[in-house]
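Enquirer: Structure incoming, see below.
Read-outs: derived from the displayed coordinates by stated rules, not from any lab. All figures in this text were calculated on a predicted structure; none of them were measured in a lab. Don't worry about glycine lacking a Cβ; one is built from the backbone with ideal geometry, like all the others, and counts go over all protein chains shown.
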Amino acid sequence: MEQVSGRSFSGEEVETDGRSFADCTFANAALVYRGGEHPLFERCSFGPGVSWRFLGPALATVQLLQRIANDAGGETFIGKLFAKGVYFEE
C-alpha cells in the first residue's frame, strides 16, 4: 500500500485505491475510489467541498445498492447492511 503523509490536497482529484493517508488535509477535493484496495485515513482533516467520486467496479456497486434501496423492503435491508459495527468479509 502506498503511504502518503503530511500532504495537503486542494482543488484536485485524489486517487485513493491502495493508498494510506496520514496527517493529510483535504479541501475542495474529489476523492476517487475505483473499487480496488480500500484506502486508509489516519489523523486526516476534511474541509469544505470534499466529495467522493466512485468509478468502475465501485460505481457499479453503489448503483446496485441504490437500486436495492429503492425496491420494496430495500431501505430496511440497506439500513441493516450499514448498521454501526457491521462488517463483511469474504
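Enquirer: Bins of 10 Å, beginning at zero and ending with the bin holding the largest distance: percent of Cα pairs per bin for the chain, please.
Expert: In whole percents, the pair-distance histogram is 15, 37, 34, 13, 1.
Enquirer: For Ile68 and Ala27, calculate 0.36 nm times their separation in residues minus their Cα-Cα distance, and state this gained length in nm to one decimal. Could you put the intermediate results ahead of the total?
Expert: Details: separation 41, 0.36 × 41 = 14.76 nm, distance 3.20 nm.
That works out to 11.6 nm of additional length.
Enquirer: Say a paramagnetic label sat at a point 7 Å from the Cα of Phe54, along Cα to Cβ; which residues of segment 20-36 have their backbone N under 16 Å from it?
Expert: 31-36
Enquirer: Right, here's the next one. How high is the relative contact order of segment 2-81, given as a whole-number percent (alpha carbon pairs under 8 Å, six or more residues apart)?
Expert: Contact order relative to length: 23 percent.
Enquirer: Next up: Using a cut-off of 13 Å between beta-carbons, work out the net charge of the residues near Ile68 (Lys and Arg +1, Asp and Glu -1, Ile68 not included).
Expert: For residues surrounding Ile68, the net value is 0.
Enquirer: Each label point is 7 Å from the Cα along the Cα-to-Cβ direction; what then is the distance between the points at Tyr87 and Arg43, in nm?
Expert: Roughly 2.1 nm, to one decimal.
Enquirer: Using packing as a proxy for protection, rank 24-33, 75-84, 42-51 so that the peptide with the highest average count of other Cβ atoms within 10 Å comes first.
Expert: Details: 24-33: 17.8, 75-84: 10.4, 42-51: 12.0.
By packing density, highest mean first, the sequence is 24-33, 42-51, 75-84.
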